[in-house]
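The block underneath contains the structure these notes are about, expressed in structure tokens.
The values are calculated or read from the model by the stated rules, or taken from the named source; none is laboratory data. For clarity, every value in this text was computed on a predicted model and none was experimentally measured. As a convention, Cβ positions derive from the backbone with ideal geometry for all residues, glycine included, and neighbour counts pool all protein chains shown.
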């Protein structure tokens, strides 16, 4: 499935600028010359194995299907909204005008246009369903797909198997868990959370390296002293939090002592041009960081495009404060996504990483077909679009369709459980795999009878 | 079992046939009696085994049922009774030679009153899922057919059915041709699939309602007033099954079996699962509630699945210092979980100071407490803590989290005014009802009356409704803003009734920049976004005010909060305070008081709330009660049989120190305060009025942003980022390296290694080191200096070694956790 066609998409148009030239996509232009790339491969720092990795771009707030990837230009004005469709690289496949760069990448992308769930239109619930495949009921918290991957495959080398950028999803109104953690698998399978803004000036992973005066001899002495003190209280033996702290220390030591791991987080070694192309936004730089992490052995990276839906410009376009207006798709949120997503696909392709890296992008639900009195659209789990690309995914296709107003699936509906099944299938995990559930009972990664969307493969 | 008691009990039963259940009989019918009013009424009976006061197994499947007078009623094999004629008789059940009976009255057998739209047809729709949020109950409806969510608007639904799609949706002349029957039975294509079968009671209800002329909902319809679940609590074993019966009582006095149309959910599926019909299966040990939802009312039954019974002496001899201990030991005994012993003085001192004041005891305080022989020393300690300035710092910080005090959205003087007012309330121990009133009715200049800033932070009725509900009631109403709450009983109408309490607040600029004057206004209403109308101002379930009333509506809200029968207000704060001490509320999460999220120990919760009310909302009394209990003083070390318990307080559950407490503890032990820009040297993080001052350490350890009213803003879980911060961060390393640190001072004073180790343990871990620890640490320090001759190098090597010792202590679990 290796795709070498990305270079062909470059347009040598009149008035070629330096920026355009950089766009012209060799590895060198993206900051890593072939020799460096080869040396990474030789050191085993680049994933060469058959394992499929995954980058999940979680579009917090929930993009409107009608204004993005499932436009209805023939529908009445109060349905079709303010944006116009544009042609893409795939004849007959249109996307919204807010994604001009993405249009050139659609050969890599498969659209699922009939995603839906039956349940409350609450952000938190959509977050759970899309990232774990299940609704949290009866006191059971189900694990995020990336945490399941961590549990089943462990880490490749020194990097953590699963990283969450830049921060977990914060409060979005429902006061419920968002499905980003390991749930019943236990917190030791939680992702490593960056908790920093990769777009901040002087960004680095907080406290990744010891101060220079703490020499390695002192490091050793510290460890031994700490061990001597830590034996003291028996209360900690049965405490999950205390065990987790031990595991965190062990992981932190591994991360600190690994050059590959440290390099993975070093965004400063990316040329400005590359950083510009991803977009100088928190999301853009997180996507670039995701690529570096995958390149160096991380199996699963989640990028939360936003942290919350309140008092921040997001996909959550109710049209009134503290939410966002629909126009933000054109002037802020749309371009932010378009730049980062398109560059990520190009970049992964050029580095030969797209073949074994799935790139997912979706929100927690769709939005109401009819524009509301505030000029926005409200929550609508009845139908929306999910984007799958990379790894074993066959790009350039549309699977499923919505009805004439994008309200319900008309063809090939896909449930959120099937989304999880599809991700697991793409990652090469058998769907009848059991996980150790609460009180020792096995719980299948997806319920019996839930099938992946095989049309994608 | 001998036959004598059985005979005796049968004898008694004959005399007491219609009295209360006979205590000698080990089985009973549930419900204990029933009244079938009208020809359509039915009632299912369960046969339940009883041991002592507890229901212990469902014998209905094994029982044979009969009715004494078959002219009055008939009973099916599963215990469902149907009327045959007016009269009084008894339902009789026999199991294994035991017999039990229940009174049964049938009246109005000749009256076949039509199905009620509100009380029969809509519940059928709800149970079948027709009016769920995912189907026709969605705001936009589904496939052109829109019902109100879970049937909250009977009149609207009736109009939709009777007026739209005339002659198709409902065909009066041929009910079976109606779309509302053809679709859900799958006779014609239905996006939602087949929901009901043509031979079901559900089908009959709808069909007969149409055939009978589609009785319209009216105010004269009986209203549901309460819901009862039988059994209301049951003790079962692993693998057991149990059915439940749900009865609704109506305003006309009628009681009906609504089990069939109720919805069921388990609060802990690892203990008990429940299916659509209300059949429970025990999956694990512990306790779970099965919640029952019917017509916007919530009931529940508690399922206990104990570990093997323990020697009753364990509980009989356990210490009972106050009401908390009494209830908790009863709970532990019912679950078969043994309590851990007392924690000992050193652990109690450390725990009490951290939980009540967020500070560690100084080395001298530890020594003095350990040698004090006063038997009341713990109670006296608690009293000292409650009047300490650190108590005020700690609780003012906590309530500042709750009320989102921050200079992110307030000008600095306003932020200070708000904080100072909160602080003063804590210092004066203003009762919680008065405190709440002073916030929700605050008016005047926001710098003179700092609490008025609450209305500056939350500027519109929507924001005020949601933040006040979270802060004072532990209820999240957000969902009901746009539609009826999909998981709770709150409707959009109730939401806008509540919001209208806050619609008459005006803000105008004050004299200084950032100064705001908050004024109650005699007019202004918020409009219901769907109906465009105005809802009378109404605090949730309470009585509505007249729209024309020109008084300050916020006063009515404050008065409702402080009504003794307010089901949320006292409970919410009791649970918040409880959470502070046990790191888990009796209700978890601490601010989620949904009816479907019951507490882990309802009798204890009720007793605490009653005690809190009896003491007039006195927070310090509540704290004293909690800290004075034997439960609070239990060791954090589990004993065999309670290792897995984190819910029932059998041992103290260890918890990581909150961000600010941890940072202050590090400053205290190292002797080096953390600088905060704009604050004087030595200012502790718990004294900050604001969460804006930059601190990557506090952020990494979960300091809340104070942007939305939710306990979920604070994170207390360990993470790898925290491990990195402890290992490599500037906070720990910088403090130890500082020239002002206790390390520097101890070395300058020529303190011996032993003395330093002692002091470190007392100040950081609130205990003396063991001999083994002293030896091991002492030898590591000695090794560090081995072979160094140059006196200058000895000094620097010694310094590094002691720094490392401190580092190792400040990053140890014993230091990082409250235990």
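Data overview
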item	result
Residue ranges of helices (runs of 4 or more DSSP H) in the range B:588-694 with at least 1 members within 14 Å of chain A (Cβ to nearest Cβ) and crowded, with 21+ Cβ neighbours inside 10 Å	B:659-670
The listed residue being over 22 Å from residue B:264 (Cβ atoms) and at pLDDT below 85, out of B:174, B:134, B:165	B:165
Residue under evaluation residue A:140, criteria (1) more than 9 Å from chain B (Cβ to nearest Cβ); (2) under 22 Å from residue B:476 (Cα atoms); (3) surrounded by fewer than 19 Cβ atoms within 10 Å (Cβ to Cβ), criterion not met	(1)
Residue in the range B:316-337 that is surrounded by fewer than 19 Cβ atoms within 10 Å (Cβ to Cβ), within 30 Å of residue B:82 (Cβ to Cβ) and touching a helix residue (DSSP H, G or I) at 6+ places or on another chain (Cβ under 8 Å) present	no
Residue within the range B:285-296 that is more than 28 Å from residue B:148 (Cα to Cα), at the interface with another protein chain (Cβ under 10 Å from one of its Cβ atoms), surrounded by fewer than 22 Cβ atoms within 10 Å (Cβ to Cβ) and touching a residue at least 40 places away in the same chain (Cβ under 8 Å) present	yes
Residue check for residue B:811: in contact (Cβ under 8 Å) with a residue 60 or more places away in the chain, within 10 Å of another protein chain (Cβ to nearest Cβ) and within 26 Å of residue B:637 (Cβ to Cβ)	yes
Within the range A:75-155, helices (runs of 4 or more DSSP H) holding 1 or more residues that are more than 21 Å from residue A:171 (Cα to Cα)	A:77-80, A:145-153
Condition met for residue B:104 (out of contact with any strand residue (DSSP E or B) (no Cβ under 6 Å at 6 or more places or on another chain), surrounded by 20 or more Cβ atoms within 10 Å (Cβ to Cβ), more than 14 Å from every other protein chain (Cβ to nearest Cβ) and modelled with pLDDT of 90 or more)	no
All positions within the range A:187-199 that are touching a strand residue (DSSP E or B) at 6+ places or on another chain (Cβ under 9 Å) and more than 11 Å from every other protein chain (Cβ to nearest Cβ)	A:189, A:198
Of all residues in the range A:403-436 being in contact with a helix residue (DSSP H, G or I) (Cβ under 7 Å, 6 or more places away or on another chain) and farther than 19 Å from residue A:150 by Cα, the one that is surrounded by the most Cβ atoms within 10 Å (Cβ to Cβ)	A:406
From A:187, A:201, A:167, A:153, residue being assigned by TED's automatic domain parsing to the domain that holds residue A:296 and within 23 Å of residue B:707 (Cα to Cα)	A:167
Residue match in the range B:117-130 (condition: over 40 Å from the mean Cα position of the chain (by Cα), under 30 Å from residue A:404 (Cβ atoms) and in contact (Cβ under 8 Å) with a residue 12 or more places away in the chain)	no
Meets criteria (at pLDDT below 95 and either within 14 Å of chain A (Cβ to nearest Cβ) or in contact with a strand residue (DSSP E or B) (Cβ under 6 Å, 6 or more places away or on another chain) (or both)) for residue B:447	no
Test: residue in the range B:471-482 that is more than 11 Å from chain A (Cβ to nearest Cβ), at pLDDT below 95, part of a loop (DSSP other than H, G, I, E, B) and within 30 Å of the chain's Cα centre (by Cα)	no
Any hit, the range A:264-278, residues being in contact with a strand residue (DSSP E or B) (Cβ under 7 Å, 6 or more places away or on another chain), more than 8 Å from chain B (Cβ to nearest Cβ), crowded, with 24+ Cβ neighbours inside 10 Å and assigned to a helix (DSSP H, G or I)	no
Matching option when the condition is buried (at least 16 other Cβ atoms within 10 Å of the Cβ), under 22 Å from the mean Cα position of the chain (by Cα), at the interface with chain B (Cβ under 8 Å from one of its Cβ atoms) and part of a loop (DSSP other than H, G, I, E, B), among A:206, A:177	A:206
Evaluation of residue B:513 against (1) more than 28 Å from residue B:407 (Cβ to Cβ); (2) over 25 Å from the mean Cα position of the chain (by Cα); (3) touching a residue at least 12 places away in the same chain (Cβ under 8 Å) (one fails), failing number	(1)
Among (1) under 15 Å from residue A:164 (Cβ atoms); (2) modelled with pLDDT under 95 - the single one residue A:305 does not satisfy	(2)
Matching residues, the range B:404-426, being within 22 Å of residue B:616 (Cβ to Cβ) and within 28 Å of the chain's Cα centre (by Cα)	B:422, B:423, B:425, B:426
Lone qualifier among A:319, A:297 - being in a loop (DSSP other than H, G, I, E, B), at positive phi, out of contact with any helix residue (DSSP H, G or I) (no Cβ under 9 Å at 6 or more places or on another chain) and modelled with pLDDT under 95	A:319
Residue, surrounded by the fewest Cβ atoms within 10 Å (Cβ to Cβ), within the range A:209-224, restricted to residues that are facing chain B (nearest Cβ under 7 Å) and in a helix (DSSP H, G or I)	A:224
Qualifying residue in the range B:698-713 (condition: within 11 Å of another protein chain (Cβ to nearest Cβ), on the phi > 0 side of the Ramachandran plot and touching a helix residue (DSSP H, G or I) at 6+ places or on another chain (Cβ under 8 Å))	yes
So residue A:159, is it crowded, with 24+ Cβ neighbours inside 10 Å and assigned to a loop (DSSP other than H, G, I, E, B)	yes
Selection within the range B:516-528 - buried (at least 17 other Cβ atoms within 10 Å of the Cβ) and part of a loop (DSSP other than H, G, I, E, B)	B:525, B:526, B:528
Scope the range B:426-444; condition assigned to a helix (DSSP H, G or I) and under 24 Å from residue B:507 (Cα atoms); matching residues	B:434, B:435, B:436, B:437, B:438, B:439, B:440
Strands (runs of 3 or more DSSP E) wholly inside the range A:363-447 containing at least 1 residues that are more than 20 Å from the chain's Cα centre (by Cα)	A:397-399, A:409-411, A:434-436, A:442-444
Every residue from the range A:231-246 that is facing chain B (nearest Cβ under 7 Å) and farther than 23 Å from residue A:189 by Cα	A:232, A:233, A:234
